[in-house]
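S.K.: Sharing a structure, written as structure tokens. Questions coming.
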Amino acid sequence: VFLFLVDDTHPIEAGRLPNGEPDLFFRGFYAWNSEVGSKTLGIASFYLHAVCQNRNLWGVESFEEITIRHSKFAAQRFAHEAAPALTSFANSSPAPFIAGIKAAREQVVAKTDDERETVLRKRGFSKPETGKIIETVLNEEGRKPESIFDFVQGITALARTKTHQDSRLDLETKAKKLMAAVA
């Protein structure tokens, strides 16, 4: 079961978009429980830009997950870990999240086409993926990527075009690693 809770009344402003509008994120979470006893139940919290009706999360940052394998005491462990974690997330300051985005925007890693290609190729992107990521940023932002944040946005935008979830997840995991390298 997937549940999404996005608090539209308390968005978190993480800077400004190129057009001057606020860059808004929202706190969200989802929970799941497998139908098979040998699998897991869990909950994940994150900051996100948007969620669509087919459960694709766009612009996810600060993803945290609690996973519990079904066992004799799984329900008690879930209640003991999940409730405090959600409460902590709901009451936490978004300052570290905002600082991470600011740092990623300020960390310029490429100014030339060769540097752009090198940044992505060193992180395991194929030549065609590299071209698509750069092109996506150019089309969506009106300029080529320069900062870590620009590249992360391009990677996650490319992930949204993938039909298969495994392909999307692979790209989003690479974007997460790139963003985490800023910290």
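The values are calculated or read from the model by the stated rules, or taken from the named source; none is laboratory data. Note that this is a predicted model, so its numbers are computed, not measured. Glycine also receives a Cβ, built like all others from the backbone with ideal geometry; neighbour counts cover every protein chain displayed. Note: accessible area is taken over every heavy atom of the protein model, side chains too, but ligands, DNA and RNA are not part of it. Shrake-Rupley method; radii C 1.70, N 1.55, O 1.52, S 1.80 Å.
S.K.: Quick check: is even one residue across the stretch 84-107 in contact with an Asp or Glu (Cβ under 9 Å, 6 or more places away or on another chain) and open to solvent by 80 Å² or more (accessible area, probe 1.4 Å)?
M.R.: Scanning the stretch 84-107, I find no residue that is in contact with an Asp or Glu (Cβ under 9 Å, 6 or more places away or on another chain) and open to solvent by 80 Å² or more (accessible area, probe 1.4 Å), so the answer is no.
S.K.: Moving on. Looking only at the stretch 86-111, filter to residues that are in contact with a strand residue (DSSP E or B) (Cβ under 6 Å, 6 or more places away or on another chain) and in a helix (DSSP H, G or I); which one of those is modelled with the highest pLDDT?
M.R.: Selected residue: 105.
S.K.: Identify the residue in the stretch 11-38 that is among the small types (Gly, Ala, Ser) and surrounded by 14 or more Cβ atoms within 10 Å (Cβ to Cβ) and, among all such residues, is modelled with the highest pLDDT.
M.R.: In the first step, residues of the stretch 11-38 are kept if they are among the small types (Gly, Ala, Ser); the result is 14-15, 20, 28, 31, 34, 37-38.
Retained after the next criterion (residues that are surrounded by 14 or more Cβ atoms within 10 Å (Cβ to Cβ)): 14, 28, 31.
Numbers: 14: 82, 28: 75, 31: 73.
Once the filter is applied, the top-ranked residue is 14.
S.K.: Scan the stretch 134-171 residue by residue and report those that are open to solvent by 90 Å² or more (accessible area, probe 1.4 Å) and closer than 20 Å to residue 21 by Cα.
M.R.: Correct list: 139, 140, 143.
S.K.: Go through the residues of the stretch 144-161 one by one and say whether even a single one is within 15 Å of residue 103 (Cα to Cα), of a type in the set (S, T, N, Q) and in a helix (DSSP H, G or I).
M.R.: There is at least one residue in the stretch 144-161 that is within 15 Å of residue 103 (Cα to Cα), of a type in the set (S, T, N, Q) and in a helix (DSSP H, G or I).
S.K.: Further question on the same structure: Report yes if some residue within the stretch 121-133 is open to solvent by less than 40 Å² (accessible area, probe 1.4 Å) and modelled with pLDDT under 80; otherwise report no.
M.R.: no
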